[in-house]
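Take a look at this one; I'll ask things after.
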2 protein chains.
Amino acid sequence: MAGKSKRQIILEAAARSFRDKGYQATSMRDLADAISLKASSLYNHIGSKQEILRDICFDNANRFLSGMDDIDGQNIGPLEKIKALIELHIQVATEDITSVTAFNDEWRHLEDPDLSAFIQLRRNYENRFKKILETGMQTGVLTPTDPTVALYTLLSSVRWLYDWYKPERKPGLDLIRQQITSLLLKGLCQ
Amino acid sequence: MAGKSKRQIILEAAARSFRDKGYQATSMRDLADAISLKASSLYNHIGSKQEILRDICFDNANRFLSGMDDIDGQNIGPLEKIKALIELHIQVATEDITSVTAFNDEWRHLEDPDLSAFIQLRRNYENRFKKILETGMQTGVLTPTDPTVALYTLLSSVRWLYDWYKPERKPGLDLIRQQITSLLLKGLCQ
DNA sequence: AAAGTACGAATGACTGTTCGTAAGAAAAAG
DNA sequence: CTTTTTCTTACGAACAGTCATTCGTACTTT
């Protein structure tokens with residue numbers, strides 16, 4: 001029933017440590033300590049520290065991209081798509097806080113060619129999002145504004161969710177989701 | 001006319017490097033190279049690497065706090081205060097991009113007691129902001145929502161400005177300021 | 001017998017910082 | 001205007017420590 005491979009355990013401990021201290025400040029000895037191993041033993045399960053970061057970053061990138069595939073493929077209006085995308089971000093950010101942190105803050109410590117590949121993925125995602133916004137403005141369902149400004153204001157506001165969201169705190173997840181989407185959609189429309 | 005002390009030059013180079021690579025990944029030798037010095041020479045002008053970070057973080061914290069003092073002290077309604085605060089964030093984030101980056105991302109590498117002091121300053125700022133939001137909701141000028149959710153959504157959306165704002169790019173600063181404040185205020189009201 | 005895993009020791013590279021020293025600028029004294 | 005003293009700055013060498021990673025070896029599970 002345990003079923004978690006040691007590799008997975010390492011990845012999760014790494015994500016947690018990257019969140020708390022950052023990639024550079026996390027030593028392989030710290031990481032090994034956290035799961036009661038010695039640093040040299042880690043290398044029986046992973047190839048390098050950089051490989052850990054790469055796995056975390058691209059795993060999370062794919063969660064966003066496959067979410068985008070789902071939503072953008074549906075036959076619904078741009079407003080519904082944007083609402084679904086905002087909820088996707090809230091969903092991903094709250095269901096696996098540690099990974100998303102690493103994904104948000106630590107990707108810049110990737111080394112080329114991974115760094116370039118990651119930036120490329122990100123850009124693609126943003127462009128698809130922006131296109132949906134533009135469609136919404138053309139069909140009149142959104143207030144015409146600069147789509148870049150709208151896009152980044154949107155993305156930024158959900159990007160830091162992991163930073164202040166505490167699962168045990170008062171405003172429950174449902175309330176948060178409802179109020180954030182409401183605030184942003186009201187801001188975009190009319 | 002030059003007038004820039006070497007200390008200031010070091011601080012600015014450090015802010016730039018912290019933005020590009022992070023505090024931990026910036027070595028004193030990197031930093032010295034960037035301004036054509038040797039690492040040991042830096043210590044004629046600064047006390048330690050940690051002191052550089054402290055200066056950058058608290059300098060920027062004070063810019064926000066004194067802005068808050070100005071705005072909160074004026075005899076205007078909560079809506080006008082919020083508008084002014086959003087514009088303050090946009091102003092600070094765009095006029096000194098590098099410092100704000102360090103301020104946003106690198107403060108967690110402060111060591112105690114500075115770390116605690118910084119967190120305290122930040123919390124005070126957020127509480128004052130939250131109180132303005134609550135006043136606005138009580139007087140009916142803002143839609144009643146959870147003030148914490150509203151606060152962080154607001155702060156987050158301007159927090160990442162430095163990340164995508166490019167002074168030379170198409171949407172000019174005036175347009176950006178106008179559209180962001182419009183989007184957020186529309187989202188909060190009614 | 002074979003494969004997978006954990007460990008200690010060692011590697012070379014890099015870290016922030018200190019120190020003695022030498023060169024230069026500024027200030028003081030002649 | 002000189003000469004001498006003081007202050008500031010830059011540098012190379014060295015420090016003790018940490019870093020990711022490798023390797024040979026032993027233990028455990030197939």
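The values are calculated or read from the model by the stated rules, or taken from the named source; none is laboratory data. Worth saying up front: this structure is predicted, and the values here are computed from it rather than measured. In this analysis, Cβ positions are derived from the backbone assuming ideal geometry, glycine residues included, and neighbour counts consider all displayed protein chains.
Any chance region A:116-133 includes a residue that's acidic (D, E), part of a helix (DSSP H, G or I) and in contact with a helix residue (DSSP H, G or I) (Cβ under 6 Å, 6 or more places away or on another chain)? Steps first, answer last, please.
First, pick out the residues of region A:116-133 that are acidic (D, E): A:126.
The next check asks that each one be part of a helix (DSSP H, G or I); those that pass are A:126.
Checking which are in contact with a helix residue (DSSP H, G or I) (Cβ under 6 Å, 6 or more places away or on another chain) leaves us with none.
No, there is no match, as no residue in region A:116-133 is acidic (D, E), part of a helix (DSSP H, G or I) and in contact with a helix residue (DSSP H, G or I) (Cβ under 6 Å, 6 or more places away or on another chain).
Out of region A:1-48, which residues are of a type in the set (D, E) and either modelled with pLDDT of 95 or more or part of a loop (DSSP other than H, G, I, E, B) (or both)? I'd like the intermediate steps shown before the answer.
We begin by selecting, within region A:1-48, every residue of a type in the set (D, E); these are A:12, A:20, A:30, A:33.
Across region A:1-48, the qualifying residues are A:D30, A:D33.
With within 16 Å of B:F64 (Cα to Cα) and surrounded by fewer than 16 Cβ atoms within 10 Å (Cβ to Cβ) as the only criterion, which of B:E95, B:E168, B:E87 stands out?
On the way: B:E168 fails: within 16 Å of B:F64 (Cα to Cα); B:E87 fails: surrounded by fewer than 16 Cβ atoms within 10 Å (Cβ to Cβ).
Within the list B:E95, B:E168, B:E87, the selection yields B:E95.
Related question: Any chance you could count how many residues in region A:47-75 are in contact (Cβ under 8 Å) with a residue 24 or more places away in the chain and away from DNA strand D (no atom under 16 Å from the Cβ)?
Adding up the residues that qualify gives 10.
Now for a different question. From the list A:A13, A:A34, A:A61, which residue is more than 10 Å from DNA strand C (Cβ to nearest atom), among the small types (G, A, S) and either in contact with a Cys (Cβ under 7 Å, 6 or more places away or on another chain) or under 13 Å from A:V100 (Cα atoms) (or both)? Walk me through it before giving the result.
Numbers: A:A13 fails: either in contact with a Cys (Cβ under 7 Å, 6 or more places away or on another chain) or under 13 Å from A:V100 (Cα atoms) (or both); A:A34 fails: either in contact with a Cys (Cβ under 7 Å, 6 or more places away or on another chain) or under 13 Å from A:V100 (Cα atoms) (or both).
Checking each option against the conditions leaves just A:A61.
Looking at region A:1-38, which of the residues that are surrounded by 14 or more Cβ atoms within 10 Å (Cβ to Cβ) and among the hydroxyl-bearing types (S, T, Y) is farthest from the other protein chains (Cβ to nearest Cβ)?
This residue is A:S17.
Let me ask something additional. Within region B:76-97, take every residue that is part of a helix (DSSP H, G or I), over 16 Å from the mean Cα position of the chain (by Cα) and of a type outside the set (D, E) and give me the one that is farthest from B:K166 (Cα to Cα). So that I can check it myself, show each step before the final result.
So in region B:76-97, the residues part of a helix (DSSP H, G or I) come out as B:78-95, B:97.
If we keep only those that are over 16 Å from the mean Cα position of the chain (by Cα) as well, we get B:78-83.
From the residues that got through so far, the ones that are of a type outside the set (D, E) too are B:78-79, B:81-83.
Numbers: B:P78: 31, B:L79: 29, B:K81: 27, B:I82: 25, B:K83: 23 Å.
Once the filter is applied, the top-ranked residue is B:P78.
Condition first: assigned to a helix (DSSP H, G or I) and either among the basic types (K, R) or surrounded by fewer than 17 Cβ atoms within 10 Å (Cβ to Cβ) (or both). Now tell me which residues in region A:98-113 satisfy that.
If we filter region A:98-113 for residues that are assigned to a helix (DSSP H, G or I), which is where we start, we get A:98-105, A:107-109.
Result: A:R108, single match.
How many residues does region B:97-121 hold that are without any contact (Cβ under 8 Å) to a residue 60 or more places away in the chain and charged (D, E, K, R)?
To start, the set of residues in region B:97-121 that are without any contact (Cβ under 8 Å) to a residue 60 or more places away in the chain comprises B:103-104, B:107-108, B:112-113, B:115-117, B:119-120.
Those left that are additionally charged (D, E, K, R): B:108, B:112.
So the count comes out to 2.
Within region B:1-46, how many residues are away from DNA strand D (no atom under 14 Å from the Cβ) and among the β-branched types (V, I, T)?
So the count comes out to 1.
Name the residue, out of A:L183, A:L175, that is free of Cβ contacts under 8 Å to residues at least 40 places away in the same chain, surrounded by fewer than 15 Cβ atoms within 10 Å (Cβ to Cβ) and at the interface with chain B (Cβ under 8 Å from one of its Cβ atoms). Walk me through how you get there before you give the answer.
On the way: A:L183 fails: surrounded by fewer than 15 Cβ atoms within 10 Å (Cβ to Cβ).
Just a single option satisfies the conditions, and that option is A:L175.
Also: Give the residues of region A:74-131 that are more than 18 Å from A:L154 (Cα to Cα) and aromatic (F, W, Y), sorted by residue number.
Scanning region A:74-131 gives A:W107, A:F118.
Now a separate question. Somewhere in region B:107-120, is a residue of a type in the set (V, I, T), closer than 27 Å to A:R122 by Cβ and within 16 Å of the chain's Cα centre (by Cα)?
Taking region B:107-120 as the starting set, the residues that turn out to be of a type in the set (V, I, T) are B:119.
Those still in the list that are closer than 27 Å to A:R122 by Cβ too: none.
No, region B:107-120 contains no residue that is of a type in the set (V, I, T), closer than 27 Å to A:R122 by Cβ and within 16 Å of the chain's Cα centre (by Cα).
Condition test on B:I52, is it within 13 Å of DNA strand C (Cβ to nearest atom), among the β-branched types (V, I, T) and part of a helix (DSSP H, G or I)?
In short, yes.
If a residue has to be over 17 Å from the mean Cα position of the chain (by Cα), at pLDDT 85 or above and either closer than 19 Å to A:D20 by Cα or facing chain B (nearest Cβ under 8 Å) (or both) to count, how many in region A:144-172 make the cut?
Selection size over region A:144-172: 5.
If you don't mind, another one. So B:L133 fits all but one of (1) closer than 17 Å to A:L185 by Cα; (2) surrounded by 15 or more Cβ atoms within 10 Å (Cβ to Cβ); what number is the exception?
(1)
If you don't mind, there's one more thing I want to ask. I'm trying to understand the selection: among the residues of region A:18-29, which are out of contact with any helix residue (DSSP H, G or I) (no Cβ under 6 Å at 6 or more places or on another chain) and more than 13 Å from DNA strand C (Cβ to nearest atom)?
Taking region A:18-29 first, the residues out of contact with any helix residue (DSSP H, G or I) (no Cβ under 6 Å at 6 or more places or on another chain) are A:20-22, A:24-25, A:27.
A:D20, A:K21, A:G22 - these are the residues of region A:18-29 that are out of contact with any helix residue (DSSP H, G or I) (no Cβ under 6 Å at 6 or more places or on another chain) and more than 13 Å from DNA strand C (Cβ to nearest atom).
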